[in-house]
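One structure is given below, encoded as structure tokens.
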Amino acid sequence: MKAIVSRKLGTALLAGTLLISAGCSSNAGNNTGDAANGNTSGNDTDPVTFTFFGADASPNWNKMQDDIGKEITAKTGVTLNAEFDVGSGGGQDKISMMAASGDYPELIYAKGELGKLVDAESVIDLTELIDKYAPNIKKVMGDNMNRMKYSNDNQAIYSIPTNVGVDNQNFDATNGFQIQHRVLKELGYPEVRTVQDYEKVLKEYAAKHPTTDGQPTIPMTVNADGWKVMITVTNQGDVTTGGTNDGEYYVNPETYETMLHYKKPEEKEYFRWLNHMYNEGLLDKDSFVQKDDQYKAKIASGRVLGLTSVEWEYQDAENALKAAGKDEYTYAHFPVTLSEEYKDHAMQSVGVDGYGISITTACKDPVRAIKFLDWLSSEEGQVLRNWGIEGKQYNVDNGQRVIPAEILDQKVNDAANFTKNTGIGLYSILGVRYGDGVKDSTDNYYTTNFPEQILAEYSDAEKESLAAYNATTWKDLFPAEDEFPVKEWGALYNMPVPTDGDYQVIYQKTQDIVHKRIPEAILASTADFDKIYDDFIAELNKAGAEKMEKEYTELVKARVELFTGKDVE
């Protein structure tokens, strides 16, 4: 198959506002050549500062004055002058401004905006740098080096995947549909498998407890602020009807043909259910007008019984409940689908594929930069990033790393301060890494997410709920990983798509339609739902969705060829 991917490709995801700063002037056009020739100033531990921008918010960033940050600087000589996106912007606006102005930081975690930087020729090809100066990156990536290449037609490496772990095993589930532990306990831990089960639980408990701590009880709420509407509303239409959660698209696993997932006939029935929940008074009436902070404040108050999200999305609010000693107000996870004929694909592996860190043309010393990223990818660097410092965040007992009880209590019940002071969790995107379940040379796990440690971090409320469902971790309630093949196309949120031309114009038109019509359909009267939803699908096609889907299909096929070596027709 002839791939249609060109050098000027990227990904259009996410929207929002962010903090503006100057970054670093793009004045180092010959740095790639210098790096390839080994021209780098000073020794590998001489003090140096790199400017950095991260497209995710990092509210606990402490300018590397945390324990891990200080140790990284001591070991490498590197300090980061870092700026992060604020809120849920995903870096879109900021990186667009960088591309327009030519002002870039030296290192950048661009998430879905990498294509803009590739278009602007502002990120360097890391292939030769990795080959010459990054043995740890090569070791960790192993047979997955092909998955770092940009596309079939442009096989440069513009970013190193750092938000996914190599050889990761799933030991827990943090997604699905959520219900508070107090609700489950009072109702005798009922079965929760379908949306009807879920609805029944919320309705019964809310009828018994119309208020929570003096405020109106909210059976269910969603977050529709900006791109997060995908996480709590639209993606769930695909997930609950047997889809594999590939962003805005459904991919036929046999033919690789794609379509906007909203077109699946069964998915209409999920949104009909949300419409029913709204008209029954079970879905928060402010769901589509509240801001992210208002949504989290409601969860932190303890009065929201149910969510349809992923733990990282509401984590701050749940941490506030834990800090307040309200563990019973935190959430259990269930693989809820429209009916029992569908499976939740949460445990399906995408292989090694994800967002990553890039070195820009503004970097004054790319060799030093890649060596820094490589040290963070070493066994020593990974253990430091994941566990912290021996004698402070963990001890070694009979050859095994152990987190002391008082440290574990801080980690679980005072998460924000723990992260800010220790740095654990702040440096994960700065190097490749092994995933959960992989052991290092000392026969210890690289990460702290392994069965014994996960159990140690569960609250009594969680343990009680899990025991009631004959489960050890939440993963036990979900269809197992071996029930699904590894996705041949990886994580489509990370697949480059054209950043100019008809694709982007049509994509934006369809996104505008989705963001307008899905809430309209959910908030409509029951009698009006069918007409609104059918008009929504017709409107997508009128905007050019079918043409866009054909182009996306070819991109998916090219990606399968790149990742698997198959000849896809």
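The values are calculated or read from the model by the stated rules, or taken from the named source; none is laboratory data. Worth saying up front: this structure is predicted, and the values here are computed from it rather than measured. Quick reminder, even Gly has a Cβ in these numbers, built from the backbone with ideal geometry, and neighbours come from all protein chains shown.
A single entry from G325, G354 fulfils the requirement of being within 26 Å of V140 (Cβ to Cβ) and of a type in the set (G, A, S): G354. Could you list all residues from the stretch 467-482 that are of a type outside the set (F, W, Y), under 12 Å from H181 (Cβ atoms) and touching a residue at least 12 places away in the same chain (Cβ under 8 Å)? Listed by number, the list holds a single entry, A468. When residues in the stretch 314-343 are screened for being more than 21 Å from T212 (Cβ to Cβ), of a type in the set (D, E, K, R) and in contact with a Ser or Thr (Cβ under 9 Å, 6 or more places away or on another chain), 2 of them pass. Quick check on my filter: what residues within the stretch 405-433 are assigned to a loop (DSSP other than H, G, I, E, B), of a type in the set (G, A, S) and under 20 Å from N395 (Cα atoms)? Selection gives G423, G425.
Checked against (1) in the same structural domain as N470 (by TED's automatic domain parsing); (2) of a type in the set (G, A, S); (3) part of a helix (DSSP H, G or I), A369 passes all but a single condition, namely (1). For the stretch 415-442, the set of residues classified as farther than 24 Å from L373 by Cα and either in the same structural domain as A82 (by TED's automatic domain parsing) or surrounded by fewer than 19 Cβ atoms within 10 Å (Cβ to Cβ) (or both) consists of A416, N417, listed by residue number. In the set (1) touching a strand residue (DSSP E or B) at 6+ places or on another chain (Cβ under 9 Å); (2) at pLDDT 95 or above, T234 fails one condition alone, (1). The set of residues from the stretch 201-222 being part of a helix (DSSP H, G or I) and not β-branched (V, I, T) comprises L202, K203, E204, Y205, A206, A207, K208.
Within the stretch 331-343, the residues that satisfy the criterion of being buried (at least 23 other Cβ atoms within 10 Å of the Cβ) and assigned to a loop (DSSP other than H, G, I, E, B) are P335, V336.
Note on the stretch 455-491: residues that are under 30 Å from F563 (Cβ atoms) and either under 20 Å from the mean Cα position of the chain (by Cα) or not in a helix (DSSP H, G or I) (or both) amount to 15.
When you check K132 against the structure, is it under 25 Å from the mean Cα position of the chain (by Cα), surrounded by fewer than 20 Cβ atoms within 10 Å (Cβ to Cβ) and modelled with pLDDT of 95 or more, yes or no? Lay out the reasoning, then the answer.
Details: under 25 Å from the mean Cα position of the chain (by Cα): no; surrounded by fewer than 20 Cβ atoms within 10 Å (Cβ to Cβ): yes; modelled with pLDDT of 95 or more: yes.
When the stated conditions are applied, K132 does not pass them.
Among (1) in contact (Cβ under 8 Å) with a residue 60 or more places away in the chain; (2) within 23 Å of the chain's Cα centre (by Cα); (3) buried (at least 16 other Cβ atoms within 10 Å of the Cβ); (4) at negative phi, which single condition is G90 missing? Evaluating G90 over (1) in contact (Cβ under 8 Å) with a residue 60 or more places away in the chain; (2) within 23 Å of the chain's Cα centre (by Cα); (3) buried (at least 16 other Cβ atoms within 10 Å of the Cβ); (4) at negative phi leaves (4) as the failure. Can you pull out the residues in the stretch 522-547 that are hydrophobic (A, V, I, L, M, F, W, C), farther than 22 Å from L283 by Cβ and in contact (Cβ under 8 Å) with a residue 12 or more places away in the chain? Result: I537, L540, A543, A545.
Just to confirm my filter: which strands (runs of 3 or more DSSP E) fall fully inside the stretch 247-309 and include at least 1 residues that are buried (at least 20 other Cβ atoms within 10 Å of the Cβ) and free of Cβ contacts under 8 Å to residues at least 60 places away in the same chain?
On the way: elements: 249-251, 258-260, 304-307.
Passing ranges, in order: 249-251.
The numbered conditions (1) modelled with pLDDT of 95 or more; (2) closer than 21 Å to Y278 by Cβ; (3) part of a loop (DSSP other than H, G, I, E, B) are all true for D225 except (1). Report yes if D436 is in contact (Cβ under 8 Å) with a residue 40 or more places away in the chain, in contact with a strand residue (DSSP E or B) (Cβ under 9 Å, 6 or more places away or on another chain), of a type in the set (D, E, K, R) and on the phi < 0 side of the Ramachandran plot, otherwise no. When the stated conditions are applied, D436 passes them.
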